[in-house]
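Asker: Got a structure for you, questions after.
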Amino acid sequence: MIFLVVTSSGILQSQILSEWDRAEMRDEILADRFNNLLPKLMDDTNIDMWLVISREYNEDPVMRTMLPARWLNARRRTILVFYRDKAANTIEKLAVARYDVGDNITSAWDKEKQPDQWQRLVEIIKERNPEKIAINFSKHFGIADGIVKTDYEELMEALPDALDAKVVSAEKLAIAWIETRTQKEMELYNTLVAITHNIIDEAFSSKVIKPGTTTTDDVVWWMRQKVTDLGLETWFHPTVDIQRSSEALKSHIYSFTKGDKNKVILPGDLLHCDFGITYITLNTDCQQHAYVLKKGETKVPEYLAEAFAKGNRVQDIFTSNFVAGKTGNEILLKSLSEGKAEGLRPSIYTHPLGTYGHSSGTTLGMWDSQGGVPVNGDYPLHVNTVYAIELNNTAFIEEWDKDVRIMLEEAGFFGENGFRYVNKRQEAIKPIQTN
């Protein structure tokens, strides 16, 4: 587990597991996924044999999520075979490789008896006579498109002609494996998001920011260093940007791709960050806002608080439309329509989140596809999935005589009981005291 403790200074800190304990947790989560989740996913997608094939340092993105903690990469050529016998309610987890792949996947190749690795795979397939042989290729979902040209060609050359017709895309199964979260993972996720929030809270505080001196790059690199000091990693470089009354509003894409490089933070600035961390098997992705109080101010100005509340309202509209089986495009268009009917100016670009930051699953808008996302947006919403609830709302501020954009992002879980934020959301702009 990850334990949260309050230090004598009153700042919530995170005690991160040792490398050994992380490895134990990773393997525990993986065993649970193989034994309790994978059989159901194979049944749901009507696939009884799944092949995942990779060579060392050129791993299929799916295989990366299947390797035990003590395997940082595949070894030589690693071929994983998952065979599901639904009638007998069994699942075999085999490796056509020289080694067991951790404690979950058993080596099924004795090179001294059968020197040819591909022929041993063919023997395993023939012995089980599956209805389908699923491999990871997909035109539209990159994470499900992991088999490389050489491995595909050698596989097809090795398979007898009679088996060729059984080869199908594992797209739906690969996506389901990547996007579906277990109870054990969600227990970890809750605290992981809290750690993310804690780092942002500290970054957006007078401990880090000295108005007139501290720059946006100073805050970005403080966050990077904090993550490193905690023994964690980031999966993307953070950004920090500024909106202020004296400057025209830039495109929100500027905020995500460029940020404000080395810009000095001043009283009266509305700050925004985009930040996420990686830990054990999961990733976070979070955007929050802070305001640097001017001399004499004791709280965030009401006009900014009202603009922020409108951003929360867009979140509420959007997540209230999460219904299992509805496509990303259906949810997107309904939410945008309802938001605009209330006089809001929303933009929604929410993505699956989990073992990858920009993961596979239901895509609910993209910044440049507010009319719907072809193919990926037509993928239906499934339960036990996590999303970066990423969106913005633009509001006119009379006091600044300009638009401001409230850009929000929080991890959200969609389960049997509906939607919830993984560990709350920001509901007020953070005030930063001026010394």
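Asker: Could you tell me what percent of the DSSP beta bridges with both partners in the chain are antiparallel, to the nearest 5?
Answerer: Antiparallel bridges: around 85 percent, rounded to the nearest 5.
Asker: Pop out the Kirkwood hydrodynamic radius of segment 119-259 from its pairwise C-alpha distances, inverse of mean 1/r, in Å to one decimal.
Answerer: This gives a value of 20.2 Å.
Asker: Something else about it: How far apart, in nm, are the 7 Å Cα→Cβ label points at Lys424 and Lys402?
Answerer: Roughly 3.2 nm, to one decimal.
Asker: Still on this model: So for the chain, averaging the separation of alpha carbon pairs under 8 Å that are six or more residues apart and normalising by length, what relative contact order in percent results?
Answerer: Numbers: 853 pairs, mean separation 57.7, N = 435.
Contact order relative to length: 13 percent.
Asker: How far apart, in nm, are the 7 Å Cα→Cβ label points at Asn262 and Leu249?
Answerer: Between Asn262 and Leu249, the label points sit 3.0 nm apart.
Asker: Related question: Hull surface divided by four, with the convex hull built on the Cα atoms of segment 267-420: how many nm²? Display every interim value, and only then the final one.
Answerer: Working: hull surface 40.5 nm².
Answer in nm², one decimal: 10.1.
Asker: With everything on Cα atoms, drop me the angle between helix 149-158 and the longest principal axis of the chain, reported from 0 to 90° to the nearest 10.
Answerer: 20 degrees
Asker: Apply the Karplus curve 6.51 cos²θ - 1.76 cosθ + 1.60, θ = phi - 60°, to the phi angles in segment 420-432 and return the couplings in whole Hz, x for Gly and Pro.
Answerer: 8, 6, 4, 8, 6, 9, 6, 10, 7, 5, 6, x, 10
Asker: Give me the 1.4 Å probe accessible area per residue for the chain, excluding ligands and nucleic acids, in Å².
Answerer: Averaged over the residues of the chain, the accessible area is 44 Å².
Asker: Here's a follow-up. In sequence order, what are the phi-derived ³J(HN,Hα) couplings for segment 137-148 according to the Karplus relation 6.51 cos²θ - 1.76 cosθ + 1.60 with θ = phi - 60°, rounded to whole Hz, with x for glycine and proline?
Answerer: 9, 7, 6, 10, 10, x, 5, 8, 10, x, 6, 8
Asker: Show the residues, 5+ positions off or on another chain, whose built amide H is closer than 5 Å to the amide H of Ala134.
Answerer: The answer is Met49, Trp50, Leu51, Val168.
Asker: Please compute the length gained on full extension between Lys326 and Glu112, using 0.36 nm multiplied by the number of residues separating them and subtracting their Cα-Cα distance.
Answerer: Residue separation times 0.36 nm, minus the Cα-Cα distance, leaves 71.8 nm.
Asker: Can you pull the accessible area of Tyr152 for me, 1.4 Å probe, Å² to the nearest 10?
Answerer: Per-residue accessible area (Tyr152): approximately 90 Å².
Asker: Could you go through segment 329-339 in sequence order and give the Karplus-derived ³J(HN,Hα) for each residue, using 6.51 cos²θ - 1.76 cosθ + 1.60 with θ = phi - 60°, rounded to whole Hz, and x for Gly and Pro?
Answerer: 5, 4, 5, 4, 5, 5, 5, 4, 5, 5, x
Asker: Sticking with this one: Carbon and sulfur: what percent of the chain's accessible surface (1.4 Å probe)? Present the calculation step by step, with values, prior to reporting the outcome.
Answerer: On the way: 9310 of 19050 Å².
About 49 percent, which is the carbon plus sulfur part of the accessible surface.
Asker: Here is a follow-up. Taking 31 Å as the cut-off for C-alpha to C-alpha distance, list the pairs among Lys93/Lys149; Lys226/Lys250; Lys86/Lys424; Lys184/Lys334; Lys263/Lys334 that go past it. Show your work: numbers first, answer last.
Answerer: Numbers: Lys93/Lys149 24 Å; Lys226/Lys250 29 Å; Lys86/Lys424 39 Å; Lys184/Lys334 33 Å; Lys263/Lys334 38 Å.
Pairs exceeding 31 Å: Lys86/Lys424; Lys184/Lys334; Lys263/Lys334.
Asker: For the chain, with only Lys/Arg (+1) and Asp/Glu (-1) charged at the beta-carbon, what is the dipole magnitude about the Cα centre, in debye rounded to 20?
Answerer: Dipole of the chain, to the nearest 20 debye: 540 debye.
Asker: Let's see if you can work this out: charge +1 on each Lys and Arg Cβ, -1 on each Asp and Glu Cβ, no other charges. What is the dipole magnitude of segment 287-435 about its Cα centre, in debye to the nearest 20?
Answerer: It works out to roughly 280 debye.
Asker: Can you work out the base-10 log of I(q)/I(0) for the chain at q = 0.08 1/Å, using the Debye formula on its C-alpha atoms alone?
Answerer: After summing over all Cα pairs, the log10 values are -0.51.
Asker: For the chain, take the longest principal axis of its alpha carbons; what is the angle in degrees between that and the long axis of helix 302-320, to the nearest 10 within 0 to 90?
Answerer: Compared with the principal axis, the helix lies near 20 degrees.
Asker: Please say if segment 27-77 is rounded, prolate or oblate, where rounded means a/c under 1.5 for a ≥ b ≥ c the square roots of the C-alpha gyration tensor eigenvalues, and otherwise the choice is prolate for a/b larger than b/c and oblate otherwise?
Answerer: Oblate, since a/c reaches 1.5 and b/c is not below a/b.
Asker: Once the dipole of segment 137-245 is set up with Lys and Arg at +1 and Asp and Glu at -1 on Cβ about the Cα centre, which of Phe141, Val167, Met156 lies farthest towards its positive end?
Answerer: Selected residue: Phe141.
Asker: Give, rounded to the nearest 20 debye, the magnitude of the charge dipole that segment 49-124 has about its Cα centre when Lys and Arg contribute +1 at Cβ and Asp and Glu contribute -1 at Cβ.
Answerer: 140 debye
Asker: Towards the positive end of the charge dipole of the chain, with charges on Cβ (+1 Lys, Arg; -1 Asp, Glu), say which of Gln287, Thr191, Ile429 has the farthest Cα.
Answerer: Among Gln287, Thr191, Ile429, the one farthest towards the positive end of the dipole of the chain is Ile429.
Asker: Further question on the same structure: Could you let me know the centre-to-centre spacing of segment 409-435 and segment 153-169, using Cα atoms, in angstrom?
Answerer: 48 Å
Asker: Could I ask something else about it? In segment 198-355, if every C-alpha pair distance is counted and binned at 10 Å from zero, what percent goes to each bin?
Answerer: Result returned by the calculation: 9, 33, 35, 20, 3, 0.
Asker: Given a 1.4 Å probe and the protein chains all in place, what does the accessible area of Glu399 round to, in Å² to the nearest 10?
Answerer: Rounded to the nearest 10, the figure is 110 Å².
Asker: Next up: Want the number for Arg345 to Ala158: 0.36 nm per residue separation, take away the alpha-carbon distance, what's left?
Answerer: Residue separation times 0.36 nm, minus the Cα-Cα distance, leaves 61.7 nm.
Asker: Quick one: if you stick a label point 7 Å off each Cα along the C-beta vector at Asn129 and Glu202, how many nm between them?
Answerer: 6.2 nm
Asker: A further question on this structure: Sort out for me the Cα centre separation of segment 193-257 from segment 369-391, rounded to whole Å.
Answerer: First find each Cα centre; the distance between them is then 27 Å.
Asker: A further question follows. On alpha carbon coordinates alone, what is the Rg over Rh value for segment 16-129, Rh being the Kirkwood radius? Walk me through the numbers on the way to the answer.
Answerer: Details: Rg = 14.6 Å, Rh = 14.9 Å.
Over the Cα atoms of segment 16-129, Rg/Rh equals 0.98.
Asker: Right, something else. Which FRET efficiency value, to the nearest 0.05, is calculated for Glu92 and Ser18 with the Förster distance at 35 angstrom and r the Cβ-Cβ distance? Don't skip to the answer; put the middle values down first.
Answerer: Working: r = 33 Å, r/R0 = 0.96.
Efficiency for this residue pair is about 0.55.
The values are calculated or read from the model by the stated rules, or taken from the named source; none is laboratory data. Just so it is clear, the model here is predicted, and its values are computed rather than measured. Positions of Cβ are generated from backbone atoms using ideal geometry, with glycine treated the same way; all protein chains shown enter the neighbour counts. Heads up: the accessible areas ignore ligands, DNA and RNA and are worked out on the full protein's heavy atoms, side chains in. Shrake-Rupley method; radii C 1.70, N 1.55, O 1.52, S 1.80 Å.
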